[in-house]
Amino acid sequence: MTEKTLNVLFLCTGNSARSILAESILNGEGNGRFRAFSAGSHPKDAPNPLALETLKAMGYRSEGFRSKSWDEFTEAGAPEIDFIITVCDSAAGEACPIMRGPGRRAHWGVEDPSHVEGTHEEKLRAFAQTATYLKSRIMAFINLYKDGGGPEDPGGKLKEIGAMEGATEKARKAD
């Protein structure tokens, strides 16, 4: 019997940095068991170039991304979403549109590296740190499903993952 590929939608407000990082990392690490997407409530014009530079430096896909609205995942033909994971506190506080699929929700808030000021190297370090925090969460998530099953309490496990190192205060207190 073939295992079902789990569809994961990472949400952020602008869909330009954190959600793009998470999408690429999960697609790279998920070994075909997961299919990741990203979107935003108020998408920017394009992905942040530093996010793409960070992905490339980490060995993940860094091309072909675009900032898109979460409304695309409510349209006919959109994939059924098994997990909806917000990676910014603003998106976590917004009412998500209704999407096809079970859409278990979790909040894995990490600080926005786009807000860091300084030299190119300092900004790139902030993006690398954010990507590292997201990768840690993603690897913990993948491990929940490594044997083809899943945890008895997925909501509790997803909350624990969201509270890992680098979590925003809102993510540490998420219900």
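The values are calculated or read from the model by the stated rules, or taken from the named source; none is laboratory data. If you're wondering where the values come from, they're calculated on a predicted model, not measured in any experiment. We place every Cβ from the backbone using ideal geometry, glycine too, and count neighbours over all the protein chains shown. Calculation scope for accessible area: heavy atoms of the full protein, side chains included, ligands and nucleic acids excluded. Shrake-Rupley method; radii C 1.70, N 1.55, O 1.52, S 1.80 Å.
For volume of the Cα convex hull per residue in Å³, the value computed from the atomic coordinates appears in the list (1) 157; (2) 114; (3) 177 under label (2).
Phi angles of segment 118-129 translate, via the Karplus equation with coefficients 6.51, -1.76, 1.60 and θ = phi - 60°, into HN-Hα couplings of x, 6, 4, 5, 5, 5, 5, 4, 5, 5, 5, 5 Hz per residue; Gly and Pro are given as x. Going by a ≥ b ≥ c, the root eigenvalues of the Cα gyration tensor, does segment 12-53 fall in the rounded group (a/c under 1.5), the prolate group (a/b larger than b/c) or the oblate group? Note, shape of segment 12-53 comes out oblate.
Restricting to DSSP H runs of at least four residues, report the calculated mean residue ellipticity at 222 nm for the chain, -39500 (n - 2.57) per run over all residues, nearest 500 deg cm²/dmol. Helices in the chain give a 222 nm mean residue ellipticity of -11000 deg cm²/dmol. Taking the C-alpha atoms only, the angle from helix 49-58 to the longest principal axis of the chain is near 70 degrees. Spatially close Lys pairs in segment 6-167, defined by Cα atoms under 18 Å apart and a spacing of eight or more places or different chains, total 7. Cut-off 10 angstrom, C-alpha nodes, Gaussian network model of the chain. Which of 74, 13, 119 fluctuates the most? Among 74, 13, 119, the largest GNM mean-square fluctuation belongs to 119. Remark: segment 67-83, residue by residue, has Karplus-estimated 3J(HN,Hα) of 7, 9, 7, 5, 4, 4, 8, 9, 7, 4, x, 5, x, 6, 9, 7, 9 Hz, where x stands for each Gly or Pro and the curve is 6.51 cos²θ - 1.76 cosθ + 1.60 at θ = phi - 60°. Taking amide hydrogens as placed 1.01 Å from N in the peptide plane, the amide H of residue 10 sits under 5 Å from those of 37, 38, 39, 85, each at least 5 positions away in sequence or on another chain. Scalar couplings 3J(HN,Hα) for segment 23-30, obtained by applying the Karplus form with A = 6.51, B = -1.76, C = 1.60 to θ = phi - 60°, are 4, 5, 5, 5, 5, x, 9, x Hz; x denotes Gly and Pro. Loop-located trypsin sites (Lys or Arg not before Pro) in segment 59-168 (DSSP state other than H, G, I, E, B) with a sparse environment of at most 10 neighbouring Cβ atoms within 10 Å: 146.
For residue 114, the solvent-accessible surface computed with a 1.4 Å probe is close to 50 Å², ligands and nucleic acids excluded.
Computed over protein heavy atoms with a 1.4 Å probe, the accessible surface of the chain works out to 51 Å² per residue. Proximity of backbone amide H atoms, modeled 1.01 Å from N, is registered between residue 105 and 84 at under 5 Å, excluding neighbours fewer than 5 places apart on the same chain. DSSP finds beta bridges in the chain, and of those with both partners inside it, around 5 percent are antiparallel. Each residue was assigned an accessible area with a 1.4 Å probe, and for residue 127 the value is about 0 Å². Counting only residues at least eight positions apart within a chain, or on another chain, the aspartates and glutamates with an alpha carbon under 15 Å from that of residue 170 are 89, 94, 111, 112, 160.
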